[in-house]
Amino acid sequence: MRLYRMELYKLWHKKMFGICAICAVLLVTTYFIGEVQSEFAMVDGERYFGYEAVMVNRQITEEYKGELTDEKITQIVSRYGLPSEIVYGYRGWRDSNYLNGFVTEYLSDGYNRDWNNYKAPTKVYPIEDTELGKLQDMTGTEIVLAYTKGWEIFFDLLQLGMALASALVVISISIVFAQEGQTKMLPLVFTTQEGKDKDVWAKIAAAFTLTIMVYGMTVLLCLGLCFCVFGLDGGVCPMALLERLYIDSRAGYIPVASFAWITLGMDLLAMLLLCAMTMCVSAHCKSNFTAVTTAAVVWCAPLLFAFFGGMGYFFATCMPIFLFMKHSLYESISRGTMAAVLYVAAAVFVICMVEGYQVYRKM
């Protein structure tokens, strides 16, 4: 236990770890603030932007919250009308709010692909004549209307957070074994009372502890920001409402809250696998610089493999940098390859752990 605490202290209190952690928090927060500022709403002829628009959209949606019906749609259109204004450089309809924007997106003949390719809505269709009607039939449940913007931003924010958290793990964990070789401490470490085995396991335990702590803090930061500002209503809504997935996509049927749990589990797997791979690289390197550089290359390499398609792409999706990408998760679920991805990731995890352990003990 003493060795474990010492190793964890060495990882946690390095200046580079602190600086990178602060930068990661600032980047995530900056992205989130940008999402808040981009929110807009128009109610009773008055425009709202930023945080005020979020509060307005949440407030007006609360009145219609619950099962979506044709009667509610008629009431929304009668109360707020249909949007028609497009402004170059701004996304979405500039005279819309969350409610009539939802109706335009899913239940009207209007569309807005970009500033030069759009059509203002002129009529609204009954639910059963739209893709939402098909989604209702396929899921066997009624579509629920709720302010789901919090979940939508959470998934994007979490993906960014996990990318930054992964970089933090690579920088911190890659020196866990390599630094002993660089500082010529191996002969001294292995002659101590604790010996090789205890030293190795202490380093491994400290590395995984730090990884889990970074993962947990990232999740709490992203979840806390979204909950406090946007709220997390609409957890029972199917994912198709958030990501505009095709109705025949298997991932589109999953409730948002359930998909969030799956995402968190895959993110944890990605972080643990990255930790194991990084420690394996560290055990093979004799200097901190070589370890950090090599670990970063190994982490990013699957992005290159993915371009080859076929088995190369499949293997790439089993690696940490793809495991936390939401669209990669959509594909795995829709294609039915989730189990295969988990098996490959688990196999790589075991191989890296055994290889890193054996190499370090023989040094």
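See the values below:
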item	result
For the chain: accessible area per residue (Å², 1.4 Å)	49
DSSP H segments from the chain that extend 18 Å or more along their own axis, Cα-based, with Kyte-Doolittle mean of 0.0 or above	15-37, 149-173, 195-229, 256-284, 288-305, 338-362
The chain: Cys lacking any partner C-beta under 4.7 angstrom	Cys20, Cys23, Cys222, Cys226, Cys228, Cys237, Cys275, Cys285, Cys300, Cys318
Filtered chymotrypsin sites (Phe, Trp or Tyr not before Pro), the range 9-107: DSSP coil and at most 11 other beta carbons within 10 Å	Tyr88
Computed label-point distance, nm, for sites Cys300 and Tyr51 using a 7 Å Cα→Cβ extension	3.6
Under 26 Å, Cα to Cα: Lys pairs in the range 1-149, sequence gap 8 or more or different chains	12
Label-point separation in nm, Met16 to Val354, each point 7 Å along Cα→Cβ	3.1
Value of relative contact order over the chain, rounded to a whole percent, pairs C-alpha under 8 Å and six or more apart	18
Extension reserve of the Asp70-Asp156 stretch, reckoned as 0.36 nm per residue once the Cα distance is removed	27.8 nm
Cβ-derived FRET efficiency at R0 22 Å, Asp109 paired with Thr139, nearest 0.05	0.35
Structure-derived Cα Rg over 2.2 N^0.38 Å: which label, when the choices are (1) 0.96; (2) 1.01; (3) 1.19	(3)
Loop sites in the range 238-302: trypsin sites (Lys or Arg not before Pro), DSSP, at most 15 other Cβ within 10 Å	Arg244, Lys286
log₁₀ of I(q)/I(0) at q = 0.09 Å⁻¹ - the range 208-356, Debye sum with one point per alpha carbon	-0.34
Full-stretch length increase - Met213, Arg91 - with 0.36 nm per residue and alpha-carbon distance subtracted	40.3 nm
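The values are calculated or read from the model by the stated rules, or taken from the named source; none is laboratory data. For clarity, every value in this text was computed on a predicted model and none was experimentally measured. Reconstructed Cβ throughout: ideal geometry from the backbone, glycine too, with neighbour counts over all protein chains shown. Heavy atoms of the whole protein, side chains included, go into the accessibility calculation; ligands, DNA and RNA do not. Shrake-Rupley method; radii C 1.70, N 1.55, O 1.52, S 1.80 Å.
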